[in-house]
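Trainee: After the structure tokens below, expect a handful of questions from me.
Please treat every number below as a calculation from the coordinates, not as lab data. None of the values given here were measured: they were computed from a predicted structure. Please note: Cβ atoms are built from the backbone with ideal geometry, for glycine as well, and neighbour counts cover all protein chains shown.
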């Protein structure tokens, strides 16, 4: 268990703009994780990136401290060197966890106890997707499989047996409520920039409340088309924003870009000569909208940072549920130790059956070959049955005894 490590960069200690410097684009995950694994001899790893946290979960025998975290971040950002001042600040404000603390942290994150808005269920889906993506690409193995199985089980129990997710208010739902508070007409022209999970979720709220005039832009056109089909809107690739002249009332944007998508020049172009007040919902980290857009235009601007006060109040109201959730986590960690130990015994004893078969074969075909050859057919058949019976017992008995010892002494 000591090998489980987590390096976490979160909204609690790091400004969202700085946090955005650590975000990996999906195309870079394979090469970055491969490079980091090779450099540090890491057997298993997965990367989690959301709108308010970037975390690396991995197994390693390295001592995990700030110096290691610094080397780690430098390794995966070697082609995009961060300013030393920013980098040192990020490392200083990071959190590192090992062993039981790392498991506890993963359970808290997946159960939303560490979320910007406690009780939002989106984080569990995001953690599972992050893990599955890396598992499918061969970055994880049996150990993280066991860890994630217990993490998911714990999160589901917290959502089921506490009130932490009753009437949940996620970042998306807070943004939607702010949007609705502006009394936006259902016929408003809505530009959706980015077709990822966040924009899919806020689009569902809009569609449910009879908004219908959607234009979806995404780097991959097929994903824009898939979302546009659900919304009954039109689909474009991201480049089409530069020539789009149909005007808009609302822009909702959330992409994985590390640079602003909506510059002041692009925003002016999208206005198509219109002068009325517009609404921009920017749920990306780092922001998709350039600061110059707010400085030079008349608009209502909604971004992740503005949701923090609501999140803080939400946290106070659900404090009792945090305590209940933590009790469930503590119980699951306690239950997990014998399961992990049993699995380690199973792995360690995988070679037992083959070794016993080798001993049997050597006994029959080498050590006692002359004696066996002198037996009649009936005696030889009886001997074979006895040997086969003993082989099965010798394979199962050590594993059963070892597991029993582990359970009794856990």
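Trainee: Here are several values of semi-axes √(5λ) of the Cα gyration tensor in Å: (1) 36, 25, 21; (2) 54, 23, 22; (3) 32, 26, 19. Which one was derived from the coordinates shown?
Mentor: After the calculation, the listed value that fits is (2).
Trainee: With 10 angstrom as the radius, rank 36, 382 by how many other C-beta atoms surround their C-beta, starting from the fewest.
Mentor: Lowest to highest Cβ neighbour count: 382, 36.
Trainee: What residue among 380, 180, 150 has the largest mean-square fluctuation in a Gaussian network model of the chain, using Cα springs under 10 Å?
Mentor: Taking springs between Cα atoms under 10 Å, the residue moving most is 380.
Trainee: Taking only C-alpha pairs under 8 Å that are 6+ residues apart, what is the relative contact order of the stretch 171-308 in percent?
Mentor: 23
Trainee: Using only Cα atoms, what Kirkwood radius does the stretch 151-205 have, in angstroms?
Mentor: Radius from the Kirkwood sum: 13.6 Å.
Trainee: Would any residue of the stretch 381-395 have its amide N under 12 Å from a label point 7 Å out along Cα→Cβ of residue 363? List them or say none.
Mentor: From the stretch 381-395, the list is 383-395.
Trainee: Provide 387, 148 in ascending order of the number of other Cβ atoms located within 10 Å of each residue's Cβ, fewest first.
Mentor: Ordered from fewest to most neighbouring Cβ atoms within 10 Å, 387, 148 come out as 387, 148.
Trainee: For a footprinting-style exposure proxy, rank 319, 301, 131 by other Cβ within 10 Å, fewest first.
Mentor: Listed from fewest to most nearby Cβ atoms, that is 319, 301, 131.
Trainee: Could you work out how far helix 352-362 tilts from the main Cα principal axis of the chain, as a 0 to 90 degree angle to the nearest 10?
Mentor: Approximately 30 degrees, to the nearest ten.
Trainee: For n ≥ 4 DSSP H runs only, could you compute -39500 (n - 2.57) per run for the chain, divide by its residues and tell me the 222 nm figure to the nearest 500?
Mentor: Calculated from helices alone, the mean residue ellipticity at 222 nm is -17000 deg cm²/dmol.
Trainee: Over the stretch 171-308, what lengths in whole Å, largest first, do the semi-axes of the equivalent ellipsoid take, defined as the square roots of 5 times the eigenvalues of the alpha-carbon gyration tensor?
Mentor: Equivalent ellipsoid of the stretch 171-308: 19, 18, 16 Å, largest first.
Trainee: Considering Cα pairs under 8 angstrom that are at least six residues apart, work out the relative contact order of the chain and quote it in whole percent.
Mentor: Averaging sequence separation for qualifying contacts and normalising by length gives 14 percent for the chain.
Trainee: While we're looking at this one, here's another question. With 5 Å bins from zero, work out the P(r) of the stretch 4-166 over every alpha carbon pair and list the percent per bin.
Mentor: It works out to 1, 9, 19, 22, 22, 16, 7, 3, 1, 0, in whole percents.
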